[in-house]
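In what follows, a structure is listed as structure tokens, so that the remarks can point back to it.
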Amino acid sequence: MIAPTLPPNEAERLADLHDGGVLDTPAEKIFNEIAELAAAICGSRYAAVTLIDSDRQWFKAEYGSAPGETSRAESICGHAILEPGVFEVPDTELDERFVGNPMLANANIRFYTGSPLNSDKGNPTGMLCVLDSEPKALDEHQKKSLAQLADVLMAVLEAARQSRLLQWFGALTTRCPKKSWSPTPTPCATFTPMAALSEAWATRWSSCAP
């Protein structure tokens, strides 16, 4: 077994992951259904939506298995985020990176294919993956479909993030007197100054201010 290395963009990747606000949130039907659809398209026994944190692999959704949270060092997804595009391991027992991996042995995982969940900056925050207890390989149509599902999943996650931000901004404008907004806004005394926002969102907000 070989533990995955860290990508050169690890700090930025983790920032995008945490900015998404999905880690440690409850299971949601839409993500479980995407995982189930991925398993059906790929003819696989298991499927999962995983997010790779600094030292753990966390499952947002799963189909056919319940591994919960695992070590990043033992995860296939930790290796998968290091390479662009669809990542496939036809037989884990023939790949030196995964031979003797206790997590895979306990879960009886022999096959893996995953497509990255890339942030809007192109950083892989996790994987949409399918797994099986028997060695196999996906055809090109299945790989393309898996990648398309990963894109749909990220669109759903981004929409949820935007919705949370809109709610936050709505709370801000409700708590701040309308007269406090000007071409050069001054912070509302009862709310966090704009400087506390991330640079990107501060720019977007200032450009939309009346």
Counting only the backbone N, which residues of the range 111-144 are under 13 Å from the spot 7 Å out from the Cα of N9 toward its beta-carbon? 116-126
Taking θ = phi - 60°, what integer Hz values does the Karplus form 6.51 cos²θ - 1.76 cosθ + 1.60 yield along the range 111-120, in sequence order, with x for Gly and Pro? 10, 8, 9, x, 10, x, 9, 8, 5, 5
Under the 0.36 nm per residue contour assumption, what length would be gained going from the current alpha-carbon distance of D139 and L82 to full extension? 18.3 nm
FRET efficiency for D55 and E93, Cβ-Cβ distance as r, R0 = 45 Å, nearest 0.05? 0.95
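Which semi-axis lengths, in whole Å and largest first, follow from the square roots of five times the eigenvalues of the Cα gyration tensor of the range 10-161? Don't skip to the answer; put the middle values down first.
Values: eigenvalues 95, 59, 42 Å².
Ellipsoid half-lengths, sorted descending, are 22, 17, 14 Å.
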If each residue of separation counts as 0.36 nm, what is the full-extension length gain between A160 and M1 once their alpha-carbon separation is subtracted? 53.5 nm
Cross-link partners among aspartates and glutamates for K136, C-alpha distance below 13 Å, same-chain residues fewer than 8 apart left out? E88, D91, E93
Rounded, prolate or oblate, given the Cα gyration tensor of the range 104-144, with a/c below 1.5 counting as rounded? oblate
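Read-outs throughout are calculated quantities, based only on the coordinates presented, and are distinct from any laboratory measurement. What you see is a predicted model, and the numbers here were worked out from it, not measured in a lab. Neighbour counts run over all protein chains shown; Cβ positions are idealised from the backbone, glycine included.
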